[in-house]
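Asks: Got a structure for you, questions after.
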Amino acid sequence: MVDFSDVFQNNMSVNTLIDSLSEGVIFINKEGKIVLANNNACELFGYTHNELFGEIIEKLIPNKYKHSHHKHIQEYFKSPKTRPMGNLNSKLSGLKKDGNEFPVEISLSHIKSEEEPFSVAFIMDISARIKAENELKKRNLELDAFAHTIAHELHSQLNSVIGFSQLLLNNNELSSAKKTSFLEMIVASGFKMNSIIREILLFASAKKEEIVKTPLSMTHIITEVLKRIPAKEKMNTEIIIPNNFAVSIGYGPWIEEVWYNYITNAIKYGKTPAVIEIGSSQWKDGYNKFWVKDNGKGLSDKECEFIFTDPEKLGENFIKGHGLGLSIVNKMVTKLDGWVKVESTPNHGSIFSFFLPTLPDK
């Protein structure tokens, strides 16, 4: 234990030392009354020095912990030692003057004076750290789900390639039409895997700070998207495209992938014949809305809830159709300061939309 007796003889030195510390510092006596609090402690809890002096320390503790805290103080003074408060499984909170709680980290020490012993609490507001930790946990969970979906989608397409290839190799009695059909399926799976890899590489290649957002020519982007879709897939499909689009800013290559996913899904899940309507409109707060409307069977509330974020929850068949592409769409649009949305009613089609900022005022 450090003996501060000499320091206490000079009150000016004590106050200067305590107020120079970055943590909040509070001294209490064995009755649990506050005898000193530095400026940082007062700022943390929202009180003045006069409002804290002489008050019991429980004034700064949430109600759910107050009933047992005085007993802890008594036990500490019986055997004082320098240690952190709480343990790995407990979370400590402070109570501000305005009634708000905030997470804290507290270390305890003790001081021997000629008159009486004191306990000293060094207090840190760890709100920023907790927020960062929660964000990291969230990102790790999203990354795990994203990686799982990628692996699942690629594995599905690869199984298709292997399966049809084995049929071609091992069955010499297949008709020419059957062989052609299997080859077409192999090629389609190959294109699908190529598209998946393209999207992953495109998304991973540009960090947010490296993206140059420019005004987007949606007509040109959609024209390029339609060129990528094989003519066979567009058969029996009517695609209605407006003459003009609302003008937003974004990153062209990413928005091309967004439209590609929306349009190909609309073709795949629309009725026969499929009717797809593409459009845009001004939204509020400086954003524009872009959408693809299909005439398919629609989606349930559960599918709408998880389709962009956790397609695994929607079941095996749904993952094969939508999962990876829409997960990437969500990430791309979010990184462009926008968001995605789906509106759907079973048996009445779906509207998949995304929102992007408008051109900034000059």
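The values are calculated or read from the model by the stated rules, or taken from the named source; none is laboratory data. Bear in mind that the values here come from a model prediction, so they are computed numbers and not experimental data. Glycine also receives a Cβ, built like all others from the backbone with ideal geometry; neighbour counts cover every protein chain displayed. Each accessible area value is taken on the protein alone, full model and side chains, heavy atoms only, with ligands, DNA and RNA left out. Shrake-Rupley method; radii C 1.70, N 1.55, O 1.52, S 1.80 Å.
Asks: Output the residues belonging to region 316-345 that are assigned to a loop (DSSP other than H, G, I, E, B), at pLDDT 80 or above and either farther than 20 Å from ASP294 by Cα or open to solvent by less than 70 Å² (accessible area, probe 1.4 Å) (or both).
Replies: Passing the criteria: LEU336, ASP337, GLY338.
Asks: Here is a list: SER176, SER160, SER217. Which entry is hydroxyl-bearing (Ser, Thr, Tyr), open to solvent by 70 Å² or more (accessible area, probe 1.4 Å) and at pLDDT 85 or above?
Replies: Step by step, each of SER176, SER160, SER217 is checked, and only SER176 is hydroxyl-bearing (Ser, Thr, Tyr), open to solvent by 70 Å² or more (accessible area, probe 1.4 Å) and at pLDDT 85 or above.
Asks: Among all residue pairs at least 6 apart or on different chains, which show Cβ distances below 6 Å where the first residue, located in region 17-43, is more than 18 Å from LYS59 (Cβ to Cβ) and in contact (Cβ under 8 Å) with a residue 12 or more places away in the chain and the second is open to solvent by less than 40 Å² (accessible area, probe 1.4 Å) and not in a strand (DSSP E or B)?
Replies: ILE18/ASN38; ASP19/ASN38
Asks: Given (1) in contact (Cβ under 8 Å) with a residue 24 or more places away in the chain; (2) surrounded by fewer than 17 Cβ atoms within 10 Å (Cβ to Cβ), where does ASN288 come up short, assuming only one miss?
Replies: All conditions are met except number (2).
Asks: Next question, about the same structure. So, in region 242-271, exactly how many residues are more than 25 Å from LYS192 (Cα to Cα) and either aliphatic (A, V, I, L, M) or touching a strand residue (DSSP E or B) at 6+ places or on another chain (Cβ under 8 Å) (or both)?
Replies: Qualifying residue count for the region: 7.
Asks: Let me ask another. Of all the strands (runs of 3 or more DSSP E) wholly in region 50-133, which have at least 2 residues that are under 14 Å from GLU31 (Cα atoms) and of a type outside the set (S, T, N, Q)?
Replies: 117-125
Asks: Among the residues of region 220-245, write down those that are over 14 Å from ILE278 (Cα atoms), outside any loop (DSSP other than H, G, I, E, B) and open to solvent by less than 100 Å² (accessible area, probe 1.4 Å).
Replies: GLU224, ARG228, ALA231, GLU233, LYS234
Asks: May I ask you to verify whether PHE191 is among the hydrophobic types (A, V, I, L, M, F, W, C), at pLDDT below 85 and open to solvent by 100 Å² or more (accessible area, probe 1.4 Å)?
Replies: yes
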